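Report on the following structure.
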Amino acid sequence: MIEIKKGIPLIDQHDENGFYAGKFGGSYVPETLKKPIEDLTIAFEKLRYDESFLKERDYYFKNFIGTPTPFIKLENLTKHLGGANIWCKLVSKATGGAHKVYNATVHSLLAKRLGKKYIVGDTGAGYAGKMLSMAAAKFNLKCKIFMGTKDISRQAINCFSMKSFGAEIVPVDSGSKTLVDAVSECIRYWVANCDTTHMAIGSTVGPNIFIKICAWSTAQISKELKSQLISYFGSVPKKLKLLNCVGGGSSAAGFFNEFIDDENIELIGIEAGGPENGKHAAPLTNNCKIGVLHGAAQYVLQNSEGQIEETESIAAGLDYPGVSPLHCFLKEAGRARYTSASDEEALEAFKLVSRLEGFVSPSLEPSHAFAEAIKIAPKLSKDTILVVNSCGESSKDHNIIAEKLGYKL
């Protein structure tokens with residue numbers, strides 16, 4: 001049985017080669033990237049303890065992102081379902097509407113510290129691209145965003161935002177034309193331009209250093225939540241369950257971070273179960289094999305020959321064949337439980353939560369987590385506290401939702 005080392009941050013639970021549990025993660029990169037990654041690793045490991053950098057980060061978290069984000073009880077949903085009390089960490093109220101802004105801000109600050117004038121990133125749901133282009137504008141960096149053409153079509157609202165912030169969107173028309181292909185093209189671009197350009201991978205995927213930077217950034221979510229729980233309840237509740245959607249896994253890594261050591265708290269990750277055609281984006285739930293994707297070993301959807309399988313999900317931000325090595329590690333250690341919700345369940349959850357709790361209105365990604373809350377809440381005692389991370393707001397998905405529900409905009 002793999003053990004989690006108590007008192008050690010989740011991102012530091014790896015060995016000297018960057019592997020979690022000895023087999024997840026690492027840095028499978030071409031020779032040309034070893035030096036840039038080594039330089040970035042040295043810089044980040046120094047800056048994460050540097051008082052001036054931390055002061056700068058905290059300033060922009062408060063005055064640019066707008067932290068802390070709200071923590072509210074969903075009284076109408078709780079009454080409707082019965083059973084457990086349902087609460088929400090409303091991360092969607094951060095500047096830009098999603099958790100991706102934490103990672104984008106930190107990467108932009110790193111780029112400035114490293115003397116880079118250009119920054120590139122990937123996006124699926126459009127939020128990582130929107131936030132990076134927003135942060136790049138704030139910190140006077142020139143920005144390119146790689147995005148699959150399928151996602152460009154279904155996430156037009158966020159594409160408009162990226163362009164309005166001055167970013168160049170680079171369409172990716174290969175493969176499934178979604179997030180997995182956008183990440184691949186973004187990394188290829190950085191290989192050729194790493195001397196002048198900083199890369200911000202949009203989730204806790206990729207070579208080890210990018211996983212660490214992203215999860216270190218989003219850990220702000222659980223730091224806030226822990227303080228808010230203590231403020232409201234007097235202490236962290238004993239019967240506490242944290243629910244978060246999982247695609248690449250950045251919001252869930254941040255949401256779980258401060259609670260890893262407390263084994264009384266159940267951590268639940270919800271993947272994309274996909275439509276009724278059998279396709280999905282849920283490697284943890286479906287016991288997929290370990291493979292290497294985007295420079296890291298992880299559970300990944302693949303065929304009998306080891307080739308990456310195409311995924312399908314109504315939620316563009318979850319439409320990814322792999323998953324963060326951090327979540328592979330948490331599953332292997334038995335510290336987190338992973339399940340999935342179908343497209344239909346996510347849509348139904350969106351409808352119910354929006355109707356009962358209009359202030360929340362989750363995007364399709366966290367709607368998967370709400371779907372799980374809706375399933376389990378009625379079966380639990382009233383002294384159980386469920387907290388769902390609503391990590392994105394629904395405006396980007398209005399066209400998709402309207403079409404699925406038969407509405408005309």
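Bear in mind these aren't lab numbers, they're just calculated from the coordinates by the rules spelled out. Since the structure is predicted, the reported quantities are computational estimates derived from the model, not experimental observations. Note: ideal-geometry Cβ built from the backbone for every residue, glycine included; neighbour counts use all protein chains shown.
Applying a threshold of 20 Å to the alpha-carbon distances of 177/279; 150/279; 279/396; 89/223 flags 279/396 as lying beyond it. Largest GNM mean-square fluctuation among 304, 381, 235, using the chain with Cα springs under 10 Å: 304. Result for the chain in a Gaussian network model with C-alpha springs under 10 Å: among 30, 378, 362, the largest mean-square fluctuation is at 30. Pairs exceeding a 23 Å alpha-carbon distance, out of 112/138; 130/226; 62/331; 5/100: 130/226; 62/331; 5/100. Scanning the chain for long hydrophobic helices, with DSSP H runs required to stretch 30 angstrom or more by C-alpha along their axis and to average at least -1.0 on the Kyte-Doolittle scale, returns 208-233. Put the Cα centre of segment 22-91 next to the Cα centre of segment 280-298 and the gap is 22 Å. For residue 146, the residues 5 or more places off, or on other chains, whose built amide H falls under 5 Å of its own are 121, 122, 123, 170. Here the Karplus relation 6.51 cos²θ - 1.76 cosθ + 1.60, evaluated at θ = phi - 60°, turns the backbone of segment 200-206 into coupling constants of 10, 5, x, 9, 7, 10, x Hz, with x for every Gly and Pro.
A Förster distance of 45 Å, applied to the separation of the beta-carbon atoms of residue 304 and residue 408, puts the FRET efficiency at 0.50.
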